[in-house]
Amino acid sequence: MVRRGADSFPIREGMRLLLNDILQTSADGRLGVILQDGTRISLGPKTEVRVDRFVYQPVDGKFGLLLRLSRGLLAYISGRIAQFSPESVSVETPVGVLGLRGTHFAVSIEGT
């Protein structure tokens, strides 16, 4: 599901994500997303993540990706943003911030 403001609807292939969209999976759900720069994000069951910032303007040298993981499992494989500007990629969790130091990682937040 995607929560966009007060609306919720099923995610579908080819859908454009907007800033502040919240991606949610059910207890038996999984979701894979490929962003415009080639970044790949996989969500496990009972996961909630918000797309807080996405900037990919290589001609202007502007880059940024901020994901806020509230709960669940997120796996990340870097795209071009991380190649050009690794310091501009981060994932915030309720207990800390993950900064990019490589090309892939996974994080799990248990509870809620």
Has region 63-77 got at least one residue that is open to solvent by 10 Å² or more (accessible area, probe 1.4 Å) and not in a strand (DSSP E or B)?
no
For region 84-102: of the residues being crowded, with 17+ Cβ neighbours inside 10 Å and touching a helix residue (DSSP H, G or I) at 6+ places or on another chain (Cβ under 8 Å), which is modelled with the lowest pLDDT?
100
Boolean, residue 7 is under 16 Å from residue 73 (Cα atoms) and more than 13 Å from the chain's Cα centre (by Cα)
no
What pairs come out if I take residues in region 15-31 that are open to solvent by less than 40 Å² (accessible area, probe 1.4 Å) and pair them with residues that are among the charged types (D, E, K, R) and part of a loop (DSSP other than H, G, I, E, B) whose C-beta lies under 7 Å away, six or more apart or interchain?
25/46
Is there a residue being in contact with a Phe, Trp or Tyr (Cβ under 8 Å, 6 or more places away or on another chain), farther than 17 Å from residue 108 by Cα and assigned to a strand (DSSP E or B) anywhere in region 43-56?
yes
Going through region 18-28 in order, the residues found to be in contact with a Leu (Cβ under 8 Å, 6 or more places away or on another chain) and either within 19 Å of residue 88 (Cα to Cα) or not in a strand (DSSP E or B) (or both) are 25
Residue among 81, 41 that is open to solvent by less than 50 Å² (accessible area, probe 1.4 Å) and under 12 Å from the mean Cα position of the chain (by Cα)
41
Just one of 62, 46 is of a type outside the set (A, V, I, L, M, F, W, C) and either on the phi > 0 side of the Ramachandran plot or in contact with a Gly (Cβ under 9 Å, 6 or more places away or on another chain) (or both); which is it?
46
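The values are calculated or read from the model by the stated rules, or taken from the named source; none is laboratory data. Bear in mind that the values here come from a model prediction, so they are computed numbers and not experimental data. All Cβ positions, glycine included, derive from the backbone under ideal geometry; neighbour counts span all protein chains shown. The area values use the complete protein model at the heavy-atom level, side chains included, leaving out ligands, DNA and RNA. Shrake-Rupley method; radii C 1.70, N 1.55, O 1.52, S 1.80 Å.
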